[in-house]
Amino acid sequence: QVQLVESGGGLVQAGGSLRLSCAASGRTFRPYAMGWFRQAPGKEREFVARIGWSGGSTYYADSLKGRVTISRDNAKNTVYLQMASLKPEDTAVYYCAAVLRYYSGYDVNRYDYWGQGTQVTVSS
């Protein structure tokens, strides 16, 4: 069984930065890719970024490109999301997720494991 645990959320002023972490545990954790998603109150969960676990290729939501960077540390089984120039509309619960088999998209239903989420609140 795989467990994903996010951390690093909190309250930040507009224009500030945060780095989220997602630590994975479970025997022989070797996903095809890891992703970050977010869900604001009353809205659907939306894709933020993804990274290939082996090759490290990255893909970002157009609306966030340039403000977020996804990275991973395979030795630590950890994926990160660096966020900058945060805006109040970035306020959401941020989730990390893992997809085990080949999948290059961002459909939430295709990801196999999810963390419990970490709250990010951006004040104006």
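So the values come out like this:
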{"quantity": "Pairwise label distance in nanometres, GLN116 with LEU100, each label 7 Å out on the Cα-Cβ vector", "calculated": "2.2 nm"}
{"quantity": "Potential extension, TYR32-SER71 segment - 0.36 nm per residue separation minus Cα distance", "calculated": "12.6 nm"}
{"quantity": "When the convex hull of its Cα atoms is projected in every direction, mean area for segment 22-81 (nm²)", "calculated": "4.7 nm²"}
{"quantity": "Among GLY66, GLY42, ALA24 - extreme Cα towards positive end, dipole of the chain, charges at beta-carbon", "calculated": "ALA24"}
{"quantity": "12 Å beta-carbon shell around TYR32, net charge (K/R +1, D/E -1)", "calculated": "+3"}
{"quantity": "Separation of alpha-carbon centers, segment 4-38 and segment 43-97, rounded to whole Å", "calculated": "8 Å"}
{"quantity": "Spacing of the two label points (7 Å from each Cα toward its C-beta) at GLN1 and ARG45, in nm", "calculated": "1.8 nm"}
{"quantity": "Eligible lysines near LYS87 by straight Cα distance, threshold 22 Å, same-chain separation 8 or greater", "calculated": "LYS43, LYS65"}
{"quantity": "Gaussian network model of the chain, springs between alpha carbon atoms under 10 Å - residue of PHE47, PHE37, PHE29 with greatest fluctuation", "calculated": "PHE29"}
{"quantity": "Point-to-point label distance, ASP62-LYS87, nm (Cα→Cβ direction, 7 Å offset)", "calculated": "1.5 nm"}
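Read-outs throughout are calculated quantities, based only on the coordinates presented, and are distinct from any laboratory measurement. No experiment lies behind these values; they were computed from the predicted model shown. Cβ atoms come from the backbone with ideal geometry, glycine included; neighbour counts cover every protein chain shown.
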